[in-house]
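I have placed the structure first, in the form of structure tokens, so that the comments after it can refer back to it.
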Amino acid sequence: MRIGHGFDVHRFEGNGPILLGGVSLPCLKGVSSHSDGDILLHAVIDSILGAAGMGDIGVYFSDDDARFKGISSRVLLRRIWKKVRRMYKIGNIDVTIIADFPKIRMHTERMKENISLDLSCSVDDINIKSTTTENIGFFKKEMGIACEAVVLLEKL
Ligand SMILES: [Zn+2]
């Protein structure tokens with residue numbers, strides 16, 4: 001069994017919606033990104049790569065590469081999983097979104113469904129929660145949104 005951790009931050013920019021876990025959420029602000037800006041999936045990708053000892057998302061999908069401009073992060077997740085799934089299956093994934101908005105609770109089931117489809121695992125293996133930041137620092141100024149993910153991979 002191997003554990004991996006992923007962390008991602010994106011700056012708010014322009015207008016919403018925001019994509020999280022492949023779900024489009026109404027939001028006053030959008031995020032700046034080379035891809036579709038789905039920080040939740042970026043954190044999950046990095047946690048999987050960390051657990052597999054395979055580096056990080058930038059190794060595979062460079063921000064400078066025009067081929068990845070606006071690309072769906074679900075496509076990126078599936079491409080990474082294709083490399084890892086011969087060796088591992090998902091034990092469980094735990095995700096924390098760190099932001100004062102948007103509210104995500106009513107959308108987490110759909111996010112879990114998307115991720116479970118992309119990683120061929122059960123929705124019961126995925127947990128998604130969110131926390132606000134008590135209005136301090138980075139988030140008080142409504143500058144951005146962050147996400148952490150922890151994954152356990154089980155050797156096949
Ligand atoms: Zn990102």
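If we sort 87-96, 17-26 on the protection proxy, mean other Cβ atoms within 10 Å, highest first, what's the order?
Order by mean packing, descending: 17-26, 87-96.
Taking the Cα centre of the stretch 56-138 as origin, sum charge times position over the Cβ atoms of Lys and Arg (+1) and Asp and Glu (-1), and report the length of that vector in debye to the nearest 20.
Details: 15 positive and 12 negative charges, 102 e Å.
Value, rounded to 20: 480 debye.
Rounded, prolate or oblate, given the Cα gyration tensor of the stretch 60-109, with a/c below 1.5 counting as rounded?
Because a/c hits 1.5 or more and a/b fails to exceed b/c, the stretch 60-109 counts as oblate.
Could you please rank 42, 5, placing first whichever residue has the fewest other Cβ atoms within 10 Å of its Cβ? Could the numbers behind the result be given before it?
Values: 42 26, 5 13.
Least crowded to most crowded, the residues run 5, 42.
Is there a pair in 29/155; 69/112; 69/89 whose C-alpha atoms are over 32 Å apart, and which pairs would that be? Before the final figure, lay out each step's value.
Numbers: 29/155 40 Å; 69/112 25 Å; 69/89 29 Å.
The answer is 29/155.
In terms of the ratio Rg/(2.2 N^0.38 Å) built on C-alpha atoms, what value belongs to the stretch 2-155?
Details: Rg = 14.6 Å, N = 154, 2.2 N^0.38 = 14.9 Å.
Expressed relative to 2.2 N^0.38 Å, the Cα Rg reads 0.98.
What shape does the stretch 77-146 take by its C-alpha gyration tensor, where a ≥ b ≥ c are the square roots of the eigenvalues and a/c under 1.5 counts as rounded, a/b above b/c as prolate, and the rest as oblate?
Verdict is prolate for the stretch 77-146.
Rounding to the nearest 20 debye, state how big the charge dipole of the stretch 2-155 is about its Cα centre with +1 on each Lys and Arg Cβ and -1 on each Asp and Glu Cβ.
Working: 21 positive and 20 negative charges, 85 e Å.
Charge dipole, the stretch 2-155, about its Cα centre: 400 debye, nearest 20.
Just want the ordering: 156, 41, from fewest to most Cβ atoms lying within 10 Å of their own Cβ.
On the way: 156 8, 41 32.
Starting with the residue having the fewest Cβ neighbours, the order is 156, 41.
When a/c reaches 1.5 or more, the comparison of a/b and b/c decides; with that in mind, is the stretch 1-91 rounded, prolate or oblate per its Cα gyration tensor? List each step's numbers first, then the result.
Values: a/c = 2.21, a/b = 1.75, b/c = 1.26.
Judged from the Cα gyration tensor, the stretch 1-91 comes out prolate (a/c at least 1.5, a/b above b/c).
Within 10 Å, count the other beta carbons around each residue, average over each peptide in 75-81, 104-110, and list them highest first. Before the final figure, lay out the partial values.
Details: 75-81: 18.6, 104-110: 14.4.
So the order, starting with the most tightly packed, is 75-81, 104-110.
Values quoted throughout were computed directly from the atomic coordinates according to the rules given, and no laboratory measurement underlies them. Quick caveat: nothing in here was measured; it's all calculated off a predicted structure. No Cβ is skipped: glycine too gets one built from the backbone with ideal geometry, and neighbour counts run over all protein chains shown.
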